[in-house]
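Report on one structure; see the data block that follows.
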Amino acid sequence: MEIDVLTLFPEWFGWFDEQRHVRNAAEAGHRVRTFNPRDYTTTTARQVDDTPYGGGAGMVLRVDVMEQALRGVYAEDPVDLRTHRRVIALTPGGRVLDDAYVDELAAEEEGITLLCGRYEGFDERIVQHFCSDTLSIGRYVLAGGELAAMVVCDAVLRKLPGTLGHADSAVEESFSVALDGDPEYPHYTRPAEHRGWKVPDVLLSGHHAEIDGWRRARSRERGDAGSRLGRDG
Ligand code: ADE
């Protein structure tokens, strides 16, 4: 799997690339590559954005700059690129990321491309003509798409074989198909009792079928209750 990120701030990803699961992913053959559109532009003073037509605050990423960057990376007209590759504009109003969307992206064998907006975002023609998707990590506005891109990379990479330590850890986790989309069941470890708070007996029983049944029931309860936590001790 290859995840390409087009960003005006590639240095932000230095820290991300150093993290253990991302390094594991790289060793397993998956790659996160960053490209700076500024390196591809032929505009005066390598300008990548401009003021919005019609007036208003902020700056907008230019369609010609994004075209040059995508052509530079893929040696192809970006209008054709999006017919065979997921090219995704990161924007607060896009399709909201959830586990099913992450699964969809992780299954893209050719790889995916993430375009990070800055300032007021993209010239709409970038989205209309070069992108297959718009993706939001939630209904709030970040200063740019970089943190959103890292969220997508993290969520996708951990689904891929070789990234997590234990082969099963991404199978039976919150919102997975194995849990019918419910949140994960509670976990406990030593000590078996702390301040009188005991680990449920069933987990100490060694009866795997009962443990599975208990976990499934707790998971379903959490799904029904949303993610509210009781605050009574
Ligand atoms: N860019 C700015 N805010 C964003 C968000 N919430 N999701 C994705 N990209 C963004």
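The values are calculated or read from the model by the stated rules, or taken from the named source; none is laboratory data. Keep in mind that what you see is a predicted model, and the values were worked out from it rather than measured. Here Cβ is always computed from backbone atoms with ideal geometry, including for glycine, and neighbour counts include all displayed protein chains. Ligands, DNA and RNA are excluded from the accessible area calculation, which covers all protein heavy atoms including side chains. Shrake-Rupley method; radii C 1.70, N 1.55, O 1.52, S 1.80 Å.
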May I ask you to list pairs of residues, at least six apart or on different chains, whose Cβ atoms are under 8 Å apart, with the first in segment 210-227 being surrounded by 11 or more Cβ atoms within 10 Å (Cβ to Cβ) and the second being hydroxyl-bearing (Ser, Thr, Tyr)?
ILE211/SER205; TRP214/TYR185; ARG215/TYR185; ARG216/TYR185; ARG218/TYR185; SER219/TYR185; ARG222/TYR185
List pairs: first residue in segment 100-124 and over 24 Å from ARG31 (Cα atoms), second residue among the small types (Gly, Ala, Ser) and buried (at least 22 other Cβ atoms within 10 Å of the Cβ) anywhere in the structure, Cβ distance under 8 angstrom, at least six positions apart or on different chains.
PHE122/ALA89
Answer residue from segment 121-136, given it is away from the ligand (no atom under 13 Å from the Cβ) and open to solvent by 20 Å² or more (accessible area, probe 1.4 Å) and is nearest to PRO37 (Cα to Cα) among those
ASP123
For segment 49-97, which positions are in contact (Cβ under 8 Å) with a residue 40 or more places away in the chain, open to solvent by 40 Å² or more (accessible area, probe 1.4 Å) and of a type in the set (Asp, Glu)?
GLU67
Taking LEU97, is it touching a strand residue (DSSP E or B) at 6+ places or on another chain (Cβ under 8 Å), closer than 30 Å to ASP182 by Cβ and within 13 Å of the ligand (Cβ to nearest atom)?
yes
Selection over segment 98-120 where residues are out of contact with any Gly (no Cβ under 8 Å at 6 or more places or on another chain) and either open to solvent by less than 40 Å² (accessible area, probe 1.4 Å) or of a type in the set (Gly, Ala, Ser) (or both) yields a count of 9
Name every residue in segment 137-186 that is under 18 Å from ALA100 (Cβ atoms), part of a helix (DSSP H, G or I), open to solvent by 20 Å² or more (accessible area, probe 1.4 Å) and within 16 Å of the ligand (Cβ to nearest atom), in order of residue number.
VAL151, ASP154, ALA155
Selected residue (criterion: surrounded by the most Cβ atoms within 10 Å (Cβ to Cβ)) from residues of segment 32-46 that are modelled with pLDDT of 95 or more and not hydroxyl-bearing (Ser, Thr, Tyr)
PRO37
